[in-house]
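Below you'll find the structure, written out as structure tokens, and then a few comments.
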Amino acid sequence: MARRAFNTHEAVSAVVPGDGSYRAAIAVKALAGGGAPQFHKVLDSQTFSTASAADLAATEILASLVDIDAEGQLHWPPEA
């Protein structure tokens, strides 16, 4: 599990199980005020056979995250 803090939120690599496979995700939670995290599935077209493989993929994606806005939405670098 990888974790990154931004101005108002923290992001953590995560895994979403489903139908015998796993999806990579990023969980976002506000730094102040608590509350339940929001899960954002990443790599929409990919599933993984193990939770550890999905978490590794989420960790790699998390490294490229640029920012999280006040509503908890993820911002990525512009496509080249």
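A few remarks follow.
- Flag if A58 is in contact with a Ser or Thr (Cβ under 7 Å, 6 or more places away or on another chain), assigned to a loop (DSSP other than H, G, I, E, B) and of a type in the set (A, V, I, L, M): no
- For region 1-14, the criterion of a residue being open to solvent by less than 70 Å² (accessible area, probe 1.4 Å), without any contact (Cβ under 8 Å) to a residue 24 or more places away in the chain and part of a strand (DSSP E or B) is satisfied by at least one position.
- Restricting attention to region 43-80 and to residues that are more than 15 Å from the chain's Cα centre (by Cα) and aliphatic (A, V, I, L, M), the residue that is surrounded by the fewest Cβ atoms within 10 Å (Cβ to Cβ) turns out to be A80.
- Scan region 15-42 for residues that are in a strand (DSSP E or B), out of contact with any Phe, Trp or Tyr (no Cβ under 9 Å at 6 or more places or on another chain) and either open to solvent by 90 Å² or more (accessible area, probe 1.4 Å) or under 17 Å from A70 (Cβ atoms) (or both) and the total you get is 7.
The values are calculated or read from the model by the stated rules, or taken from the named source; none is laboratory data. Predicted model only: the values in this text are computed from it and were never measured. A quick note on method: Cβ atoms are made from the backbone with ideal geometry, for glycine too, and the neighbour counts reach across all protein chains shown. The accessibility values were calculated without ligands, DNA or RNA, using every heavy atom of the protein model including side chains. Shrake-Rupley method; radii C 1.70, N 1.55, O 1.52, S 1.80 Å.
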